[in-house]
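Visitor: Take a look at the following structure, please.
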Amino acid sequence: MMAAEKNRYVSESAILGLLLLAGLLGLGYLLSKSIIDIKMMERTVEVKGLSEREVPADIAIWPISFSMADNDLANLYLTIQEKNAKVVEFLTAQGFTDSEITVSSPSVVDKLAREYDSSYSSKFRYSASSTVTVYSNQVDKARQTMIRIADLGREGIAIAGDSYSTQFIYSKLNDIKPAMIEEATKNARQAADKFAKDSDSTLGKIKRANQGTFSIENRDSSTAHIKKVRVVSTVEYYLSD
């Protein structure tokens, strides 16, 4: 009787062991299949979409600088005031308002006061420079007036070369951002579709997207008043068979 019970116990344990082994094998299969499925879902393609536009600048910053020299400091400051007034008069005659014109404080150098230059051989003791700046959204008017700057020469005002270092700025980026992002994303989608087709895959949803940074540059060195706006979006899509 004892032997029979012992045999039955061994048999039941064996069956239980087999069932447990089968369960573990089944669980292992399901886990491995799930891992394979996850890996299949992780097939992706990363593409870039470009959007570019040319836009006119809407702000002009135009510094008009001139210099002079004299041995009489008081007379030098008087001359500066007179020439500044002539420059402002010239600009207002071209259609710029007082709010668009700024007169900076003059810069005066006393050559005898230079510690590093003990030898004074210049004809004039004092030299000065002054700058009148136009800050305006009348970009076309600023460009037209720059052509006529030689008129100030007939008024005895020697315009410095750096007066032509005008800055042109485009400040309306937010107005075109949405449309450009949409275009860049659309171009990225087209590139992803082409890749999926060439690889016999199906394009899925977006996994990750990066809008990219907008850049604003001069179209070229000769047309600083025309800007090239550019953005590159990076988008990663899922792929499936």
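Visitor: Please express the shape of region 132-241 as an equivalent ellipsoid: the semi-axes are the square roots of 5 times the eigenvalues of the C-alpha gyration tensor, given largest first in whole angstrom.
Guide: 49, 12, 10
Visitor: Longer than 21 Å from Cα to Cα, which of Lys177/Lys227; Lys205/Lys228; Lys48/Lys186; Lys172/Lys228; Lys86/Lys141; Lys48/Lys194 are they? Say none if no pair is.
Guide: Exceeds cut-off: Lys205/Lys228.
Visitor: What ranking of Ile64, Ile226, Ile147 emerges when the number of other C-beta atoms within 10 Å of each C-beta is taken as an exposure proxy, fewest first?
Guide: By the 10 Å Cβ count, ascending: Ile147, Ile226, Ile64.
Visitor: Hey, another quick one. What FRET efficiency, computed as 1/(1 + (r/R0)^6) with R0 = 41 Å and r the Cβ-Cβ distance, is obtained for Lys228 and Asp72, rounded to the nearest 0.05?
Guide: Calculated value: 0.20.
Visitor: Right, here's the next one. Only residues of region 206-241 count here: report those whose backbone N is under 13 Å from the spot 7 Å along Cα→Cβ of Glu54, or say none.
Guide: Residues 218-229 qualify, since their backbone N sits under 13 Å from the label point.
Visitor: For Arg143 and Ala93 in the same chain, what is the full-extension length gain: residue separation times 0.36 nm, less their Cα-Cα distance, in nm?
Guide: Extra length from Arg143 to Ala93 when fully extended: 16.5 nm.
Laboratory data are not the source of any read-out in this text; all were calculated from the coordinates shown. Note that the structure is a prediction, hence the values are computed from the model and not measured. We place every Cβ from the backbone using ideal geometry, glycine too, and count neighbours over all the protein chains shown.
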